[in-house]
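Remarks on the structure that follows.
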Amino acid sequence: MQAIARQSPNGSSSSTAKQRLIERRVRDLILHKSQLVDVPHTASLTETMNALVTNRVLAVLVAAPPGRWIGAGGSMIMEAGQETGTVRKQYIGIVTMLDIPAHIGGDDEGVEKASDDQSDLEKKMATPVSAIIGHNLEGLSLWTFNPNTSILDCMEVLSKGIHRALVPIDSRIENIPGVELVESAPSYGMLTQMDVVRFLKDNSSEMEGIVTCSIRELGAISRNVYAITDRTKVFEAIKCMRAAMINAVPIVASEEFEHDHSQLLDLEGQGRKLMGTFSATDLRGCHLATLRSWLSTMVLDFTEKISKSPLYTAAAPGEGGTRLRVHMTCTDGSSLVEAMDKAVDNHVHRVWVVDEQGLLTGVVSLTGMIRALRVAILSA
């Protein structure tokens, strides 16, 4: 990291960037964000998925009457009236787009049975959303950032793999910067890793001596990559992602000797031809009514067909027409700012690392970008 610091064309650029990240607060990043999306704890999974699709979000909060629940991770996140302070509801957890199909495949025969039996699928989708809170790693806790938390301190938390946290507006809790499990406020905003990476990208000129370094130099690459093949079915991919608690997997070319395509491939130390990506985002393009017919489709076919769905296209407002499926890639020598640009501009949460032959060698996630940049700024 010392070598990286010496490469800076401006000796004060790192200290300037550090000071700016200390001065800027998380409240600045949620000022213009849309209203928080939540569903009642009694909502069915059908209603929850409709809320996810309609609002074009990857996660929704689950709300319940106050005082009757212990929130995810022991949290107590309350929404109270602006004037009276009377608590109206408690946020007891968060449910993501992946949680619902993962619930359908909650046992060895779950997804296969649902793909053949419409009544079984309808029964599973009638489950109350409160029943699936905490079934994945992200749902185990519900965090809030005090609005006065600095961007730099926020980066420390998000660099550990927390994807999103609530930010109270006009909080009634003592104004101490940091991350909390207890909060009461009239309203909240949702801060995500993408919001922070977008802010860092927009202010990258102040960190030029760092963000122009390669992702290899900055240690932003993870070589621990799990993949599925082009012959894996959608229900098999969902089961794999649920078991590994991951939100996306690369699709790689299958090989003749492989007969079982229902398991994740550990690609650490070996390259495979990258053919695409299957992620929770793709599920936004699938109407619940057609989910059953998609489950037994080959995952590569699914990702290509879903890109033509009006729901999937609508998830990228302003692009118009069919949203082309182009998997985002970079190389070991790509700069950090290049990886950030690709992630933010295409609204993807990871960029695959490939070699000169297009073989998959690693991944740069939003977590990795935030962690690498924070370490470099503090070390420079």
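Read-outs throughout are calculated quantities, based only on the coordinates presented, and are distinct from any laboratory measurement. Nothing here was measured: the structure is a model prediction, and the numbers come from that model. Every residue, glycine among them, receives a Cβ derived from its backbone with ideal geometry; neighbour counts consider all protein chains shown.
Given a cut-off of 31 Å, name the pairs among K89/K239; K201/K239; K123/K305 whose C-alpha atoms lie farther apart than that in the structure shown. Beyond 31 Å: K89/K239; K201/K239.
For F278, the residues whose modelled amide H falls within less than 5 Å of its own, excluding neighbours fewer than 5 places apart on the same chain, are V249, I251. Were the residues from T297 through E356 laid out at 0.36 nm apart, the gain over their Cα-Cα distance would be 18.1 nm.
Neighbours of N224 by Cβ distance under 10 Å: Lys/Arg scored +1, Asp/Glu scored -1, total -1. Packing around the peptides 200-210, 146-156, taken as the average count of other Cβ atoms within 10 Å per residue, puts them in this order, highest first: 146-156, 200-210.
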